[in-house]
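Peer 1: The structure's right below; bear with me while I get my questions together.
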Amino acid sequence: MSGIGKSKILIIKAGQHDDVIDNLVEGAVKEFDAEGFDFKQMAVPSVLEIPLIIRYATRAMELRATEDYFSGYIVLGCLLRSDEKIYNFEHISLETIRNVQDIAMQLSLAVGNGIIITDNHKNALKLSDINDENFGGYAARTCLNMMKAKNELGL
């Protein structure tokens, strides 16, 4: 992608449903590799922690407390309505997405959202499969497009 230069992207992957998360990561990494972008992966226990990691990363860059500089962020996770472990599905899904968007808006961040929110595991696998919906690849392309837009606007 021309005009962006050598940028690094932070991939934040959350929680349960390892097969779905692995598919999402595979789709995202394939896109980043094809475009020649470096990336770093971080794992968190659940999607609720994703916005915190984005803020921690940006704060570390502000304080120059890290050598990593991230030009983009991709968030990957899976919330299933049928998951008995999630007692407040609506709250968790809405708060996670809202907080990611709030941070992106407040700090002018390029973020690709690859958090799958669906009814069951079968749907999640279909959405995450790189040979089907490839939601991880879609999120990566969104991140790259937002990075390009920021660059074109001088940010």
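Peer 1: Quick check on my filter: what residues within segment 87-107 are modelled with pLDDT of 80 or more and polar (S, T, N, Q)?
Peer 2: Result: 93, 96, 99, 101, 106.
Peer 1: All but one of (1) at pLDDT 95 or above; (2) within 14 Å of the chain's Cα centre (by Cα); (3) part of a helix (DSSP H, G or I) hold for residue 113, so report the exception by its number.
Peer 2: Of (1) at pLDDT 95 or above; (2) within 14 Å of the chain's Cα centre (by Cα); (3) part of a helix (DSSP H, G or I), only one is false for residue 113: (3).
Peer 1: State yes or no: is residue 26 buried (at least 21 other Cβ atoms within 10 Å of the Cβ) and within 24 Å of residue 131 (Cα to Cα)? Quick ask: steps written out before the conclusion?
Peer 2: Numbers: buried (at least 21 other Cβ atoms within 10 Å of the Cβ): no; within 24 Å of residue 131 (Cα to Cα): yes.
Answer is no for this residue.
Peer 1: Assess whether residue 84 counts as being modelled with pLDDT under 95 and within 21 Å of residue 48 (Cβ to Cβ). Steps first, please.
Peer 2: Numbers: modelled with pLDDT under 95: yes; within 21 Å of residue 48 (Cβ to Cβ): yes.
Taking the combined requirement at face value, the residue satisfies it.
Peer 1: Then there is this: Evaluate segment 134-148: report whether one residue or more is loosely packed, with under 12 Cβ neighbours inside 10 Å and either hydroxyl-bearing (Ser, Thr, Tyr) or out of contact with any Phe, Trp or Tyr (no Cβ under 7 Å at 6 or more places or on another chain) (or both). Even if it seems obvious, please write down each step before you answer.
Peer 2: We begin by selecting, within segment 134-148, every residue loosely packed, with under 12 Cβ neighbours inside 10 Å; these are none.
No, the conditions are met nowhere in segment 134-148.
Peer 1: Tally time: how many residues in segment 53-100 are surrounded by fewer than 21 Cβ atoms within 10 Å (Cβ to Cβ), part of a helix (DSSP H, G or I) and touching a residue at least 12 places away in the same chain (Cβ under 8 Å)?
Peer 2: Looking only at that region, the number is 9.
Peer 1: Given the residues 62, 67, 35, which is the only one that is over 13 Å from the mean Cα position of the chain (by Cα) and either within 24 Å of residue 129 (Cβ to Cβ) or at pLDDT 95 or above (or both)?
Peer 2: On the way: 62 fails: either within 24 Å of residue 129 (Cβ to Cβ) or at pLDDT 95 or above (or both); 67 fails: either within 24 Å of residue 129 (Cβ to Cβ) or at pLDDT 95 or above (or both).
After ruling out the rest, the residue left standing is 35.
Peer 1: Considering only residues of segment 33-52 that are in contact with an Asp or Glu (Cβ under 8 Å, 6 or more places away or on another chain) and either free of Cβ contacts under 8 Å to residues at least 40 places away in the same chain or of a type in the set (A, V, I, L, M, F, W, C) (or both), which is surrounded by the most Cβ atoms within 10 Å (Cβ to Cβ)? Please lay out each step first, then the result.
Peer 2: Start the filter on segment 33-52 by keeping residues that are in contact with an Asp or Glu (Cβ under 8 Å, 6 or more places away or on another chain), which leaves 40, 48, 51.
Those left that are additionally either free of Cβ contacts under 8 Å to residues at least 40 places away in the same chain or of a type in the set (A, V, I, L, M, F, W, C) (or both): 40, 48.
Details: 40: 12, 48: 17.
Top of the filtered list is 48.
Peer 1: Can you give me the number of residues within segment 85-128 that are in contact with a Ser or Thr (Cβ under 8 Å, 6 or more places away or on another chain) and of a type in the set (Gly, Ala, Ser)?
Peer 2: 3
Peer 1: In addition: Select from segment 108-122 the residues that are polar (S, T, N, Q) and crowded, with 17+ Cβ neighbours inside 10 Å and write down the one among them that is farthest from residue 62 (Cα to Cα). I'd like the intermediate steps shown before the answer.
Peer 2: Initial filter on segment 108-122 (polar (S, T, N, Q)): 108, 113, 118, 120.
The next check asks that each one be crowded, with 17+ Cβ neighbours inside 10 Å; those that pass are 113, 118.
Values: 113: 23, 118: 36 Å.
So, considering only residues that are polar (S, T, N, Q) and crowded, with 17+ Cβ neighbours inside 10 Å, the one farthest from residue 62 (Cα to Cα) is 118.
The values are calculated or read from the model by the stated rules, or taken from the named source; none is laboratory data. The shown structure was predicted, so the numbers you read here are calculated from the model rather than taken from an experiment. So basically every Cβ, Gly included, is an ideal-geometry build from the backbone, and we count neighbours across all protein chains shown.
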